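Take a look at the structure below.
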Amino acid sequence: MARYVSLEHIKFLLQEVHAVHDLFQLDKFSHLNWEQAWMIIESAKQLADRDMHPFFREMDVHNVHYEGKGGVKTHPQLKTIIQNGAAQGWISGSAKLIHGGLQLPMMIFNSGHHIFSSANNGAIGYMSLTAGAAALINSFGNEEQHNLFVPNMYDGKWQGTMALTEPQAGSSLSDITTTATPIGDGYYKIKGQKIFISGGQHEACENFVHLTLARIEGAPAGTKGISLFIIPKFWPGKNGELTYNDVFCAGDFQKLGQRAYATTHLVFGDQDNCKGWLVGEPHKGLAYMFQMMNEARISVGMGAVTIAQAAYYAALEYAQERPQGRLPSEKDPLKPPTLIIHHADVQRMLLTQKAIVEGGLALSMECNRQFDLAHGANDNEKQEAWLLLEILTPIVKAWCSEQANRSAALAIQVFGGYGYTMDFPVQQFYRDLKIYTLYEGTTGIQSLDLLGRKMSMEKGKALALLVTKINESIKQARSHEELRDHANLLEEEGKRITQVLNHLRTFIEEGDVDRYLSDATVFMEMMGNIVVAWQWLKQSVHAQAQLKAKHFEHQQREFYEGIIHTMKFYFRYELTHAEACAKTIMHPDYLINLKQNEVLF
Ligand SMILES: Cc1cc2nc3c(=O)[nH]c(=O)nc-3n(C[C@H](O)[C@H](O)[C@H](O)COP(=O)(O)OP(=O)(O)OC[C@H]3O[C@@H](n4cnc5c(N)ncnc54)[C@H](O)[C@@H]3O)c2cc1C
C-alpha cells in the first residue's frame, strides 16, 4: 500500500512540539494517558488501511449521484465506513462522557480524522459533519433533543448536516430567507430551500438531522434575526417509528472533486408539512452555528494540508523511481538517465510541498491544542487559549487551504504529463482540494475576518498574545546556536505586522474602511507566512534538542535533520513572500479601488 500519511510526524507534533501530555493533567482529560491515546491513533490507521484507503479512487469513479424521487446513490462501501468508524468512536470521540462520547482531546480526535482524510477524504466528511451537528445539540439543545437524536447520530445510523447556504445567500448569511412559523411548544413550520448541503439525504443512513438556519416570522433583519432548528427528514415516534417530515432532496450537485461526498439541494415544506424544533433561544442561531463553523474551519485547514501531504508522498515516490535526463554537469549522452529526484528543480518542488504540508499540520495541531485548552484548562489559561484560537482560526483555514492547492499542483508537476492523467492519484488530490478554499467561508471572507475583526479584537489583545507566543519560540530557538540566525530572521519578519497595521490604520482614521480592507487577502498571506514560520521554528527547537540529546535511532536522526532542513528551506523560499505582501499592501497606488474600477474590467 502506498504511503499516504506519516504517523512519525503526528507523534512528533503531539508528543514533542505541542506537548499533548499537558492535557492529560487537566480534569477534563485525566481519564487518558499517552499510551492509550497512541493506541487510539494506531487503531485509526488500521481502520483507514482496511476500510477507507483501498476505496479512495473507486469512490471517485463510481461517484455519488441523484437517482430521482429524492434518492441519492452512494458507493456501497460508505455504509461500512460510517458504521465501523462510529463503532470505534470516530463520531462521538470528542464529545463529553456525559453526552455518550469518549471525551478525547481534539488533538487526538483530529489526528484520527487526519489519518482518515489522507486515506479517503471524500468519505470522512460524513462522520465529521455528524460529530459537529451532534456537538451543537449537546451544547445548545435541551436534554429531550439530545436523547431523541444524538445516540443514533453517534451510532452512525443518522446523519447530521449543517444547512446554512441558500441560492441567494452563501457568504452573506444575513440574507437567508427560509422561514419558521411558530406552531407551539418550541416547534415551527419550516419553508425554504438550502443548497450545497454536504452529506444531505443519501442511502447510507436511515435518517438525517439537519441543523438548519431560518428566520422566525417578524425577526429582526440581518444576522440578529437568525435562529437554529433541528429539522429531521423523519420524526422519530415513541416506538421508534419514523414519520416523513417533508424534507425533499431535489438533487445532488456533480462536482470537480470530493465526488464520494454528497452535496445536496434540500427543499423544506414543499407540501406545507415540515416541522422544525428550535434549538436554544430565538435569534441566536448564527452565534450557536459559529461553534460548529469554528471547529469545522480548523478541520478544513487541517484536512487541506492532509490531502496535500498524500499528494506529496505520491510525488516523492514517483520522483524516486522515474529516470529522466541528466544533470547539467553530466556531458556524456551515453550515461544512463538520472532519477528525477536528483534534479534541482524537482527537489525544490518536493521541498516546497514538505514545507507547506508539515508547516500547515503543525499550525493545525497548535489550533487543536488551543481548542483543548480553551475547553478544559483553568480560567486564565482558557481565556488566553480562546483568544489565540480566535486569531489563528481564519489563518489555519485560509492559509492551509490556499497553500495546499499550490502544493498539490506541484505534486502534479513532479509527475510531469502522467500527473495530469487518470492513471495516477495526484489529479484526484488536486481536484478534491479546490473546495477547501471555498466551503466554511471562502479565503476572501476569512481574510476580512482576520483583518477586519481579529486584529483589533479585545483592543489588539489577541494579536499581542500571538506575538508573545512567537517571541517565546524565538527565545527558545536562540538557545541553540544552530537556530540563532533563523530566530533573528523571524523576529525581523514579525516587525512587518506592526509596520503594515500602522500603515493601514491611517485609512481607518480617515474613515475609509473599504480601502483598509481592500488587501485583506494579501494581508492574510503575509500573516500565514509568518505564523507558519513560527511553527517551523517551534518544530526545529524540538528537533534540535533531540539531535543534541542523541537518544534516537538512525532513522529518527534523518527525521529530525529533515525537520531542520525544511525549516531552513521554508525561511528562504516561502517566508520571503511576506516582504512582497507587505510591499504590495503599503504601495501608494490604489489599484483595487472599489469606487472606480468596475469600468476597467
Ligand atoms: C461542495 C460544497 C459543499 C458545501 N457544503 C455546505 C454545507 O454542508 N452546508 C452549507 O450550508 N453550505 C455548504 N456549502 C456552501 C459554501 O459554504 C458556499 O459555497 C460558500 O460559503 C460561498 O458561498 P457562494 O457559493 O454563494 O459564493 P458567494 O458568496 O457568491 O461568493 C462568490 C465570490 O465572492 C466573494 N465574496 C462574497 N462576498 C464577499 C465579501 N463580502 N467581500 C469580499 N468577497 C466576497 C467570495 O469570496 C467568492 O470569491 C458547500 C459548497 C460546496 C461547493
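Of note:
- Residue match in region 245-266 (condition: farther than 27 Å from Arg431 by Cβ and without any contact (Cβ under 8 Å) to a residue 12 or more places away in the chain): no
- Of all residues in region 139-163, those satisfying the criterion of being farther than 15 Å from Phe208 by Cα and either in a loop (DSSP other than H, G, I, E, B) or within 16 Å of the ligand (Cβ to nearest atom) (or both) are Gly141, Asn142.
- Residue in region 214-224 that is touching an Asp or Glu at 6+ places or on another chain (Cβ under 9 Å), over 24 Å from Tyr66 (Cβ atoms) and at pLDDT 95 or above present: no
- Test for Tyr418: is it more than 16 Å from the ligand (Cβ to nearest atom), hydroxyl-bearing (Ser, Thr, Tyr) and either assigned to a loop (DSSP other than H, G, I, E, B) or surrounded by fewer than 20 Cβ atoms within 10 Å (Cβ to Cβ) (or both): yes
- Taking region 1-103 as the region of interest, the helices (runs of 4 or more DSSP H) fully inside it that hold 3 or more residues being among the aliphatic types (A, V, I, L, M) are 34-47, 77-87.
- The numbered conditions (1) under 21 Å from Asn294 (Cβ atoms); (2) within 15 Å of the ligand (Cβ to nearest atom) are all true for Gly122 except (1).
- The residue pairs whose first member lies in region 435-446 and is under 15 Å from Gln403 (Cβ atoms), whose second member is near the ligand (Cβ under 7 Å from one of its atoms) and β-branched (Val, Ile, Thr), and whose beta carbons are closer than 6 Å, counting only pairs six or more residues apart or on different chains, are Thr437/Thr443.
- The residues of region 453-483 that are among the small types (Gly, Ala, Ser) and surrounded by 14 or more Cβ atoms within 10 Å (Cβ to Cβ), listed by number, are Ser456, Ala462, Ser473, Ala477.
- Any hit, region 305-328, residues being of a type in the set (Gly, Ala, Ser), surrounded by fewer than 22 Cβ atoms within 10 Å (Cβ to Cβ), over 18 Å from the mean Cα position of the chain (by Cα) and farther than 27 Å from His210 by Cβ: yes
- Being among the basic types (Lys, Arg), out of contact with any helix residue (DSSP H, G or I) (no Cβ under 6 Å at 6 or more places or on another chain) and modelled with pLDDT of 95 or more is a description that does not apply to Lys454.
- Considering Gln15, Gln46, Gln25, the condition of being loosely packed, with under 15 Cβ neighbours inside 10 Å, of a type outside the set (A, V, I, L, M, F, W, C) and under 23 Å from Ala385 (Cβ atoms) is satisfied by Gln25 alone.
- When Ser299 is tested against the conditions (1) in contact with a Lys or Arg (Cβ under 7 Å, 6 or more places away or on another chain); (2) among the hydroxyl-bearing types (Ser, Thr, Tyr); (3) buried (at least 18 other Cβ atoms within 10 Å of the Cβ), the lone failure is (1).
- Residues located in region 164-186, provided they are part of a loop (DSSP other than H, G, I, E, B), within 16 Å of the ligand (Cβ to nearest atom) and not β-branched (Val, Ile, Thr): Leu164, Pro167, Gln168, Gly170, Ser171, Ser172
- Subset of region 423-453 [more than 7 Å from the ligand (Cβ to nearest atom) and hydroxyl-bearing (Ser, Thr, Tyr)]: Tyr430, Tyr436, Thr437, Ser447
- Scanning region 534-548 for residues that are in contact (Cβ under 8 Å) with a residue 60 or more places away in the chain and not in a helix (DSSP H, G or I) turns up nothing.
- Scanning region 174-231 for residues that are more than 28 Å from Gly156 (Cα to Cα) and of a type in the set (Asp, Glu), we see that the one that is surrounded by the most Cβ atoms within 10 Å (Cβ to Cβ) is Asp175.
- Single unsatisfied condition, Glu458 versus (1) charged (D, E, K, R); (2) within 16 Å of the ligand (Cβ to nearest atom); (3) in contact (Cβ under 8 Å) with a residue 60 or more places away in the chain: (2)
- Scanning region 20-53 for residues that are free of Cβ contacts under 8 Å to residues at least 24 places away in the same chain and either more than 30 Å from Lys79 (Cβ to Cβ) or not basic (Lys, Arg) (or both) yields His21, Asp22, Phe24, Gln25, Ser30, Asn33, Trp34, Glu35, Gln36, Met39, Gln46.
The values are calculated or read from the model by the stated rules, or taken from the named source; none is laboratory data. It should be emphasised that the depicted structure is a prediction, and the values quoted were computed from it without experimental measurement. All Cβ positions, glycine included, derive from the backbone under ideal geometry; neighbour counts span all protein chains shown.
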